[in-house]
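Before any comments, here is the structure.
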Amino acid sequence: MTTTTLTEPETPTAGPRRTRRSKAARAGGQLHAGPIAYVILALFTIGSLFPLVWTAIAASRNNNRLAQTPPPFWFGSNLMHNLQVAWTDANLGKAFVNTTIVAGISAATVVFLSTIAGFAFAKLRFRGRGALMLIVIGTMMVPPQLSIIPLYMMVAKLDWTDQLQAVILPSLVSAFGVFFMRQYLLQALPDEIIEAARVDGASSWRVVWHVVFPAARPAMAVLGMLMFVQTWNDFLWPFLVLTQTGNPTVQVALAGLGRGYTPDQSLIMAGALLGTLPLLLVFAIFGKQIVGGIMQGAVKG
Amino acid sequence: MATRHDTAAPPEKEGGAAPGRPAGTDTADAEHRRRARLSRRWQRDMRWSPYAFVSPFFLLFVAFGLFPLIYTAWASLHTVELTAPTDMEWAGLRNYTRIFDDEFFWNAARNTLTIGIISTVPQLLMAMGLAHILNYRLRASTFYRVAMLAPYATSIAAASLVFVLLFGRDYGMINWVLHSVGFDNIDWQNDKWPSQIAVSTIIIWRWTGYNALIYLAAMQAIPNDLYESAALDGANRIRQFFHVTLPQLRPTILFTAVVSTIGASQVFGEPLLFDANKGASGGAEHQFQTLGLYLYEQGWVNQHLGRASAIAWTMFLILIVIGVVNYVISRRLRASS
């Protein structure tokens, strides 16, 4: 099922690109957008961004103002105060450090392991390659909730509850990562370069260090960002294993704000804003690359 | 970049590229043995390094994916309590009969299905329309793409908290807008369908842009020749969309449908945090309790890990059935067209 999904769109890109486009070809998706298209886009953009902007507005008010109609549409003066209180109340400082450690380690590991595995699947011949690749794709279809109970038992037995390694370990592996790197290296790394390195007598590890990693760097950066975002936003598993409030990730801290008996909605919004800001910054800076990466993974995935 | 590094890599002294030395009789013998040794090492390298490269993935997968999967099945046949996870008592299929007898299981299954449909279908349809628009020549196209992906950067926790406020009954923004165009206030947290729509809205908000990008990528991979010949045959843009774009996107649509279905079966954080009573029951009357939440309630609130395992495996089996049905339908569609 998946193999067809994944390989089929590949063929068109492999074909020769037309340099001259006839009028008829332009009719197929190269036309300039009309005003209606811009109106629809504007509505969707507002719909996407409004909840985020409103989080900031709500975080700059106080609780009484949020319990009135009409709801506030513009900023108040309480932002700094709310941010400070939310920061200390939800243990967000510790949460930021923890989440950065978790997301950093797991993104770096996933990128490294995915690159070498993706290289092997893309460029090396070995027995069982096709079958193993099918297993990788198959694992993308297995829902993670199936494994949380034994993982929880393992963590409980090892006495790792509330410790970061319990969160990190299961996130070190990503079938999507392997698949993503394989697809990238298939087209971005010409066989001739590897052969040339081989003729020069390079061992496989040398090829990886001196040929594959430099060639894969753009894809590694994108995969790293995607994995960082994903791990940063992980909720279920950290929520299960980090049960005490002393050592939370950002998501667990935010959930604590929402589920505790904090009646102050503006504080909760301040916490939500703080928890989202770092990633929004990453998006503001690297948005183009992330978009490109998702689309690249998508054509082939 | 790649080529530069490659040519910069110092040529190794090993292997076939060893510099030719003037060969004396005894040194030739030594040289021959050295070459044989290197060639053996070379062969070993060629043969085993692929496995070395893929094995970390598979080792980790076995430890954190496959083993837990099987162990969950094993645990589902036992009575296991959260307080003493290592004490397992054989129970046969009792966990399964217990949950099938529980009306809340069926309630959660129905809710998961309806929330799954309410969230997935509009999401994918809107994503398709958006992708179609983004596929035009646009001014500032990158801006729209990044803006639409911003919700994807927002976590479940943050998004749910914000939408709880937006969907507030008395002072929420959404009811205020509805009220000002003449509707009554809707109790988004306590009424069944409104609450399910609200939970679905959070999911739709976070994932529509992401899916639109996936469709857009697939649309851009469609060769122009197809549109060219369709246009020559006199097809207008709407016909082109239905007769060229959609058929070409079928594999991608199937892919997003499968991924969204898996995602929908897992919904957990949104209903957990949307609950005004801060519980795991999905509302006072379980009106938006999903299977994921029911699993959590059985395992971690009621502390029956064995029963939670049975729920997990039931969910998995349902997914497999859906996957097979999906596969059969897509095969039929392909055969008929």
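Only a single item in (1) surrounded by 14 or more Cβ atoms within 10 Å (Cβ to Cβ); (2) farther than 28 Å from residue B:214 by Cβ is not met by residue B:93, and it is number (1).
Looking across the stretch B:190-203 at every residue that is surrounded by 22 or more Cβ atoms within 10 Å (Cβ to Cβ) and among the aliphatic types (A, V, I, L, M), the one that is nearest to the other protein chains (Cβ to nearest Cβ) is identified as B:202. Flag: residue A:199 does not match the condition of being surrounded by 18 or more Cβ atoms within 10 Å (Cβ to Cβ) and among the β-branched types (Val, Ile, Thr). Entry remark, the stretch B:171-188: residues being touching a helix residue (DSSP H, G or I) at 6+ places or on another chain (Cβ under 7 Å) and not in a loop (DSSP other than H, G, I, E, B) number 2 in total.
May I ask you to say which residue of B:230, B:235 is assigned to a loop (DSSP other than H, G, I, E, B) and free of Cβ contacts under 8 Å to residues at least 24 places away in the same chain? The match here is B:235. Report yes if some residue within the stretch B:73-86 is part of a helix (DSSP H, G or I) and open to solvent by 70 Å² or more (accessible area, probe 1.4 Å); otherwise report no. Yes.
Reported count of residues in the stretch B:211-223, each being at the interface with another protein chain (Cβ under 7 Å from one of its Cβ atoms) and either under 17 Å from residue B:257 (Cα atoms) or open to solvent by 30 Å² or more (accessible area, probe 1.4 Å) (or both), is 7.
Residue-wise test of (1) away from every other protein chain (no Cβ under 12 Å); (2) over 24 Å from residue A:128 (Cβ atoms); (3) at pLDDT 80 or above; (4) touching a His at 6+ places or on another chain (Cβ under 9 Å).
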| position | (1), (2), (3), (4) |
| --- | --- |
| B:19 | no, yes, no, no |
| B:32 | yes, yes, yes, no |
| B:58 | no, no, yes, no |
| B:69 | no, no, yes, no |
| B:77 | yes, yes, yes, no |
| B:88 | no, yes, yes, yes |
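Is at least one residue of the stretch B:239-246 in contact with an Asp or Glu (Cβ under 7 Å, 6 or more places away or on another chain), at pLDDT 85 or above, part of a helix (DSSP H, G or I) and aliphatic (A, V, I, L, M)? No, the stretch B:239-246 has no match at all.
Just to be sure before I move on: is residue A:206 facing chain B (nearest Cβ under 8 Å), farther than 19 Å from residue A:107 by Cα and open to solvent by 50 Å² or more (accessible area, probe 1.4 Å) in the structure I sent?
Yes; evaluated as a whole, the condition is true for this residue.
When you look at residue B:301, is it hydrophobic (A, V, I, L, M, F, W, C), open to solvent by 10 Å² or more (accessible area, probe 1.4 Å) and free of Cβ contacts under 8 Å to residues at least 40 places away in the same chain, yes or no? It is true that residue B:301 is hydrophobic (A, V, I, L, M, F, W, C), open to solvent by 10 Å² or more (accessible area, probe 1.4 Å) and free of Cβ contacts under 8 Å to residues at least 40 places away in the same chain. For the stretch B:266-281, state whether one or more residues are over 21 Å from residue B:124 (Cα atoms), among the charged types (D, E, K, R) and assigned to a helix (DSSP H, G or I). Within the stretch B:266-281, none of the residues are over 21 Å from residue B:124 (Cα atoms), among the charged types (D, E, K, R) and assigned to a helix (DSSP H, G or I). The single residue among B:334, B:307 that is within 11 Å of another protein chain (Cβ to nearest Cβ) and surrounded by fewer than 18 Cβ atoms within 10 Å (Cβ to Cβ) turns out to be B:334.
Restricting the stretch B:234-246 to residues that are more than 8 Å from every other protein chain (Cβ to nearest Cβ) and among the aliphatic types (A, V, I, L, M), the residue that is nearest to the chain's Cα centre (by Cα) is B:246. The residues of the stretch A:243-269 that are assigned to a helix (DSSP H, G or I), open to solvent by 20 Å² or more (accessible area, probe 1.4 Å) and among the polar types (S, T, N, Q) amount to a single one, A:265. Checking each residue in the stretch B:96-119 for being within 18 Å of residue B:296 (Cβ to Cβ) and open to solvent by less than 70 Å² (accessible area, probe 1.4 Å) picks out B:99, B:102, B:105, B:107, B:108, B:109, B:111, B:112, B:115, B:116.
Filtering B:233, B:225, B:187 for residues that are of a type in the set (D, E, K, R), out of contact with any Leu (no Cβ under 6 Å at 6 or more places or on another chain) and within 20 Å of residue B:159 (Cα to Cα) leaves a single hit, B:187. Flag: residue B:292 matches the condition of being crowded, with 21+ Cβ neighbours inside 10 Å and under 16 Å from the mean Cα position of the chain (by Cα).
Pairs are defined by a Cβ separation below 8 Å, a sequence spacing of at least 6 or placement on different chains, a first member in the stretch B:82-93 that is touching a residue at least 60 places away in the same chain (Cβ under 8 Å), and a second member that is loosely packed, with under 11 Cβ neighbours inside 10 Å and not hydrophobic (A, V, I, L, M, F, W, C); the pairs so defined are B:85/A:157. Taking interchain pairs and intrachain pairs at least six residues apart, which have beta carbon atoms under 6 angstrom, with the first residue in the stretch A:135-156 and closer than 22 Å to residue B:321 by Cβ and the second among the polar types (S, T, N, Q) and open to solvent by 10 Å² or more (accessible area, probe 1.4 Å)? Listed by first residue and then by second, the contacts come to A:137/A:2; A:143/B:266; A:145/B:266.
With respect to residue B:249, determine if the residue is within 25 Å of residue B:129 (Cβ to Cβ), touching a Leu at 6+ places or on another chain (Cβ under 6 Å) and within 9 Å of chain A (Cβ to nearest Cβ).
Answer is no for this residue.
Scanning the stretch B:142-159 for residues that are closer than 12 Å to residue A:232 by Cβ and facing chain A (nearest Cβ under 7 Å), which turns out most open to solvent (accessible area, probe 1.4 Å)?
B:156
Against the list (1) away from every other protein chain (no Cβ under 11 Å); (2) in contact with a helix residue (DSSP H, G or I) (Cβ under 7 Å, 6 or more places away or on another chain); (3) not acidic (Asp, Glu), the condition residue A:175 fails is (1). Are any residues in the stretch B:310-331 in contact with a helix residue (DSSP H, G or I) (Cβ under 8 Å, 6 or more places away or on another chain) and either open to solvent by less than 10 Å² (accessible area, probe 1.4 Å) or modelled with pLDDT under 85 (or both), and if so, which ones? Selection gives B:310, B:311, B:312, B:322, B:323, B:326, B:330.
Every residue, every condition in (1) free of Cβ contacts under 8 Å to residues at least 24 places away in the same chain; (2) in contact with a helix residue (DSSP H, G or I) (Cβ under 9 Å, 6 or more places away or on another chain); (3) open to solvent by less than 10 Å² (accessible area, probe 1.4 Å); (4) aromatic (Phe, Trp, Tyr), yes or no:
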position	(1), (2), (3), (4)
A:233	no, yes, no, no
A:241	no, yes, yes, no
A:271	no, yes, yes, no
A:282	no, yes, no, no
A:286	no, yes, no, yes
A:290	no, yes, yes, no
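Restricting B:125, B:161, B:113 to those that are without any contact (Cβ under 8 Å) to a residue 60 or more places away in the chain and more than 17 Å from residue A:40 (Cβ to Cβ) reduces the list to B:113.
The values are calculated or read from the model by the stated rules, or taken from the named source; none is laboratory data. Just so we're clear, the structure is a prediction, and the values are computed from it rather than from any experiment. Neighbour counts are summed over all protein chains in view; Cβ atoms, including those assigned to glycine, are modelled from backbone coordinates with ideal geometry. Calculation scope for accessible area: heavy atoms of the full protein, side chains included, ligands and nucleic acids excluded. Shrake-Rupley method; radii C 1.70, N 1.55, O 1.52, S 1.80 Å.
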